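Structure first, commentary second.
The values are calculated or read from the model by the stated rules, or taken from the named source; none is laboratory data. Predicted model, so just to flag it, every value in this text is computed and none were measured. Cβ: placed from backbone, ideal geometry, glycine included. Neighbour counts: every protein chain shown. Side chains included, ligands, DNA and RNA excluded: accessible areas come from the protein's heavy atoms. Shrake-Rupley method; radii C 1.70, N 1.55, O 1.52, S 1.80 Å.
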Amino acid sequence: MQNKKITIIGAGNLGRSIAKGIVQKNVSQASDITLTKRDTASLDDLLSQGYKVTSSNTEAAAKADVIILCVQPNQLTEVLDELDDVLNEDQLLISVITGISIAQIAGQINKALPIVRAMPNTAIAIGESMTCISSSSKEGLAVCKQLFDVLGKTLIIEEDLMQASTVLGASGIAFFMRYIRAATQGGIQMGFDTDDAQLIAMQTAKGAASLVLENHSHPEVEIDKVTTPQGCTIEGLNEMEHQGFSSALIRGIMTSYNRITKMKSTKDT
Ligand SMILES: NC(=O)c1ccc[n+]([C@@H]2O[C@H](COP(=O)([O-])OP(=O)(O)OC[C@H]3O[C@@H](n4cnc5c(N)ncnc54)[C@H](OP(=O)(O)O)[C@@H]3O)[C@@H](O)[C@H]2O)c1
């Protein structure tokens, strides 16, 4: 990826996060990244950090090796109409747009360039994204994986699992945040001030995920290690289950999934 020119069309929440992650992890220099947006006034901070910014999608895309589409689904048609004239077959087009298939994108452009669909999450800004990737282009997949591998973890999936990966990985950030917030509130009720309670909740959540990731173990194995017979942990855990903890999470995930699969074109995650 070194020395590749990357253009991000749509410098919103995710576009900015991707740009920051790419530079933080030394994949490219800020000067090799161009971000576009119709109103560039809010991009002064990026400009001062060495990124290129412009409101011209065609100018930015014409000189790029990799173009990442980061606009909202309902903004895509207009963008592809514009880009069609400047795209060429040596470029790679990556779309992170929710709910728009590779076939839909290919159907709107007249160039046979490789198209990859990627579903990262906002932790990409600190190089900790979970990014699911799909494409029929092996070469496109390889370049895209190389890019997102340094920005967290990647998984190559079939395209029909993209909606599910959006719920589990992208919406998942919100679900885990709510756990952290609830745990913090419990901590405050027990006597910690907010910052201390939140620090304990955050680091414990990170530690729990890291234990499973690094030990390649199963969550239940790690649970068994901390549940002493007749102890406080098992009593609390069982009460959470009596109140429907696992069930509420699965039902919430499935409600999001049912929603996303019913959307014709997904407005947001
Ligand atoms: N946020 C997430 O966690 C997440 C995760 C995975 C995938 N996604 C997907 O990623 C996409 C972007 O999400 P987001 O949260 O970053 O949305 P966002 O904050 O609304 O960003 C979209 C950006 O696109 C710009 N834009 C709109 N029309 C444009 C055009 N014609 N040319 C150039 N730029 C244009 C907008 O700025 P102007 O109005 O100034 O042009 C805006 O900055 C969505 O499709 C979303 O489904 C998001």
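Data table
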read-out	value
Sole residue being under 13 Å from Gly10 (Cα atoms) and of a type outside the set (Val, Ile, Thr), chosen from Ala112, Ala106, Ala41, Ala60	Ala60
Single unsatisfied condition, Val71 versus (1) among the hydrophobic types (A, V, I, L, M, F, W, C); (2) under 19 Å from the mean Cα position of the chain (by Cα); (3) farther than 23 Å from Ser165 by Cα	(3)
Verdict on Met254 being more than 23 Å from the chain's Cα centre (by Cα) and among the aliphatic types (A, V, I, L, M)	no
Failed criterion for Thr154 (all others in (1) in contact with a Phe, Trp or Tyr (Cβ under 8 Å, 6 or more places away or on another chain); (2) open to solvent by 10 Å² or more (accessible area, probe 1.4 Å); (3) more than 23 Å from Ala64 (Cβ to Cβ) hold)	(3)
Residues (open to solvent by 20 Å² or more (accessible area, probe 1.4 Å) and among the hydrophobic types (A, V, I, L, M, F, W, C)) located in the stretch 138-151	Leu141, Ala142, Val143, Val150
Odd one out for Gln104, checked against (1) open to solvent by 20 Å² or more (accessible area, probe 1.4 Å); (2) closer than 19 Å to Arg16 by Cα; (3) not aromatic (Phe, Trp, Tyr)	(2)
Conditions (1) under 21 Å from the mean Cα position of the chain (by Cα); (2) under 19 Å from Leu69 (Cβ atoms); number of the one not met by Ala123	(2)
Which listed residue, of Ser135, Ser129, is surrounded by 20 or more Cβ atoms within 10 Å (Cβ to Cβ), in contact (Cβ under 8 Å) with a residue 12 or more places away in the chain and within 13 Å of the ligand (Cβ to nearest atom)	Ser129
Where a residue in the stretch 186-198 is modelled with pLDDT of 95 or more and open to solvent by less than 70 Å² (accessible area, probe 1.4 Å) and its partner, wherever it lies, is among the acidic types (Asp, Glu) and in a helix (DSSP H, G or I), with Cβ under 8 Å and at least six apart	Gly187/Asp196
Any hit, the stretch 163-177, residues being at pLDDT 95 or above and away from the ligand (no atom under 16 Å from the Cβ)	no
In the stretch 37-64, the residues that are open to solvent by less than 60 Å² (accessible area, probe 1.4 Å) and acidic (Asp, Glu)	Asp45
Scope the stretch 67-85; condition open to solvent by less than 40 Å² (accessible area, probe 1.4 Å), assigned to a loop (DSSP other than H, G, I, E, B) and more than 11 Å from the ligand (Cβ to nearest atom); matching residues	Asp84
Matching helices (runs of 4 or more DSSP H) fully within the stretch 137-254 where at least 3 residues are farther than 30 Å from Pro114 by Cβ	172-190, 194-215, 219-226, 232-242
Positions within the stretch 1-36 being open to solvent by less than 60 Å² (accessible area, probe 1.4 Å), within 13 Å of the ligand (Cβ to nearest atom) and not hydrophobic (A, V, I, L, M, F, W, C), in sequence order	Thr7, Gly10, Gly12, Gly15, Arg16, Ser17, Gly21, Thr34, Thr36
Top-ranked residue of the stretch 243-263 - restricted to ones that are in contact (Cβ under 8 Å) with a residue 24 or more places away in the chain and of a type outside the set (Gly, Ala, Ser), ranked as most open to solvent (accessible area, probe 1.4 Å)	Leu249
Residue satisfying all of: in the stretch 107-125; open to solvent by 50 Å² or more (accessible area, probe 1.4 Å) and small (Gly, Ala, Ser); nearest to the ligand (Cβ to nearest atom) among these	Gly107
